[in-house]
1. Can you pull out the residues in the range 95-116 that are part of a strand (DSSP E or B), among the hydroxyl-bearing types (Ser, Thr, Tyr) and out of contact with any Asp or Glu (no Cβ under 6 Å at 6 or more places or on another chain)?
2. Take the range 35-45 and flag every residue that is over 16 Å from the mean Cα position of the chain (by Cα) and in a strand (DSSP E or B).
3. Restricting to the range 46-82, name every residue that is among the polar types (S, T, N, Q), within 17 Å of the chain's Cα centre (by Cα), within 22 Å of ASN115 (Cα to Cα) and part of a loop (DSSP other than H, G, I, E, B).
4. What's the total number of residues in the range 65-84 that are under 19 Å from GLY39 (Cβ atoms), out of contact with any Leu (no Cβ under 7 Å at 6 or more places or on another chain) and in contact (Cβ under 8 Å) with a residue 24 or more places away in the chain?
5. I'm trying to understand the selection: among the residues of the range 85-112, which are without any contact (Cβ under 8 Å) to a residue 24 or more places away in the chain and more than 19 Å from LEU51 (Cβ to Cβ)?
6. Looking only at residues that are modelled with pLDDT under 95 and under 24 Å from THR122 (Cβ atoms) in the range 75-93, which one is surrounded by the most Cβ atoms within 10 Å (Cβ to Cβ)?
7. Return a yes/no flag: does the range 27-45 have any residue that is farther than 23 Å from ARG176 by Cα, at pLDDT 95 or above and not hydrophobic (A, V, I, L, M, F, W, C).
8. What are the residues in the range 117-168 that are surrounded by 15 or more Cβ atoms within 10 Å (Cβ to Cβ), of a type in the set (D, E, K, R) and in a loop (DSSP other than H, G, I, E, B), if any?
Amino acid sequence: MRLARPLLAAILALGVWAPFASADSNPNNYDCGGHIEAGKARPGDDDTQVLYVFACSGPITGYQIQPQLGDTGFDTDVSVFDLQSNPVTTDSFTCTGDFPGWGVNCTGKYSGNYNKVTGQFTIATKLCAEPRVDPLLTVVYATVSSTGAVTQSISGPFDLGRPHGCPTSAFGGKTRIPAGGFELGSTTTPKKKPPMKKAKKAVHAVRS
């Protein structure tokens, strides 16, 4: 199904990311994306607050945020908002994990429709200091049948990218999952290997 122009424009205005024109309904292949930026200061917390925002095409029951720098804390309650930034009262998440640690695990309910999941975590370094934080997102969806059988699906990882609002640096655009799928920092397409030359058969002179 192609997104209507008003819906796509609204999503772009929210600054999340541009979703695929045709979303896959398979929960193992969802269309998800988002970004990070400076979060709101918290009284008594001197660490750097990082705000993350993401959206998905379909429903999920959990997700993980995995920053490569490690986190020193995180929101335990995370809210969901629609495209007009109104709270989606039926959707929310509860998050747990170790801190300091290397990931935040959240469970709850999300209805999909590209509504925005919004939360924060903290890091011990400045937001724009290199190497800048660049978290990965993985989402899961679990259902239970009438017989009690559990079906679990997983999509990702998705790269939320480096923080918005930071000055340009030499590492700009070098995310953990490059768009082309090449090594981090690669800016060129790998050269194709030349075709292997066939070995010439040895010709032996026949003496008369």
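The values are calculated or read from the model by the stated rules, or taken from the named source; none is laboratory data. The model shown is predicted, which means the values in this text are computed figures rather than measured ones. Cβ coordinates were reconstructed from backbone atoms using ideal geometry, including for glycine residues, and neighbour counts include every protein chain displayed.
1. The answer is THR96, THR107.
2. ALA38
3. Answer for the range 46-82, where residues must be among the polar types (S, T, N, Q), within 17 Å of the chain's Cα centre (by Cα), within 22 Å of ASN115 (Cα to Cα) and part of a loop (DSSP other than H, G, I, E, B): just SER57.
4. Number of matching residues: 13.
5. Listed by number, the residues that qualify are THR89, THR90, THR96, ASP98.
6. Step by step, filter the range 75-93, then rank; the result is ASP75.
7. Looking for residues that are farther than 23 Å from ARG176 by Cα, at pLDDT 95 or above and not hydrophobic (A, V, I, L, M, F, W, C), one finds none in the range 27-45, hence no.
8. Listed by number, the residues that qualify are ARG132, ASP134, ARG162.
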